[in-house]
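One structure is given below, encoded as structure tokens.
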Amino acid sequence: MSLIVQKYGGSSVADAASVKRVARRIVDTKKAGHDVVVVVSAMGDTTDELLDLANEVVQGQPAPRELDMLLTTGERISMALLAMAIKGLGL
């Protein structure tokens, strides 16, 4: 058994079909007997869209702490959807 680290960028999880495809790869890797660690980015252009929105609501530079919290929402959405898809595949 080995530890496999898989990283999926924004285009890899850009829509529901892509999330399902990634989930299948993760499940297949686990079923092959490996431990799996998954790192996932925000979907598609989510981070850019959130940055644009932050810049629209603030004159000047957004506060770093609040900007960090805002930007993490993209990854959290991807993680939640991916976890749902993996559970849907029985893992």
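Below are the figures for this structure:
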quantity: Residue count, region 2-17 (criterion: surrounded by 14 or more Cβ atoms within 10 Å (Cβ to Cβ), under 11 Å from the mean Cα position of the chain (by Cα) and not in a loop (DSSP other than H, G, I, E, B)); calculated: 4
quantity: Residue list for region 32-91, filter: open to solvent by less than 70 Å² (accessible area, probe 1.4 Å), β-branched (Val, Ile, Thr) and assigned to a helix (DSSP H, G or I); calculated: 46, 47, 72, 73, 86
quantity: Region 18-30 - residue that is open to solvent by 40 Å² or more (accessible area, probe 1.4 Å) and free of Cβ contacts under 8 Å to residues at least 60 places away in the same chain and, of those, nearest to residue 70 (Cα to Cα); calculated: 21
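The values are calculated or read from the model by the stated rules, or taken from the named source; none is laboratory data. For clarity, every value in this text was computed on a predicted model and none was experimentally measured. Positions of Cβ are backbone-derived with ideal geometry, glycine not excepted, and every protein chain shown enters the neighbour counts. Just the protein is used for accessible areas: all its heavy atoms, side chains included, with ligands, DNA and RNA removed. Shrake-Rupley method; radii C 1.70, N 1.55, O 1.52, S 1.80 Å.
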